[in-house]
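Everything below concerns the one structure shown next.
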Amino acid sequence: MWEDEILEELYRIREEHAKSFNYDFKAIFADWQKRQAKSGKHLVSLEQKQLSNNTRDSAEKS
């Protein structure tokens, strides 16, 4: 089976990060926010996105 070394490294880093916070999502998210603020870049948008009419129609039919 084909393996992607870059993805494997990202999975490892993500696992180590989560483990360092005892897999507590709120703590992990708080760390992401702290890192974002420190970087000065806007990396996470919490704004709700508007769905197009086509997307809404498809979702309502499901």
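Just one of the listed residues (GLU47, GLU16) is surrounded by fewer than 10 Cβ atoms within 10 Å (Cβ to Cβ), at pLDDT 95 or above and over 14 Å from the mean Cα position of the chain (by Cα), and it is GLU16.
Flag set for ILE28, criterion: open to solvent by less than 100 Å² (accessible area, probe 1.4 Å) and touching a helix residue (DSSP H, G or I) at 6+ places or on another chain (Cβ under 7 Å). Anything in segment 13-45 that is basic (Lys, Arg) and part of a helix (DSSP H, G or I)? List them, or say none. Residues satisfying the conditions are ARG14, LYS19, LYS26, LYS34, ARG35, LYS38.
Look at segment 20-37: where a residue is of a type outside the set (Val, Ile, Thr) and a partner is outside any helix (DSSP H, G or I), sitting 6+ places away or on another chain with Cβ atoms under 7 Å, you get ALA27/PHE21; ASP31/PHE21; TRP32/VAL44; GLN36/LEU43; GLN36/VAL44.
The values are calculated or read from the model by the stated rules, or taken from the named source; none is laboratory data. This is a predicted model, so every value here is computed, not measured. Reconstructed Cβ throughout: ideal geometry from the backbone, glycine too, with neighbour counts over all protein chains shown. To get the accessible areas, we keep the full protein, side chains included, count just its heavy atoms, and leave off ligands, DNA and RNA. Shrake-Rupley method; radii C 1.70, N 1.55, O 1.52, S 1.80 Å.
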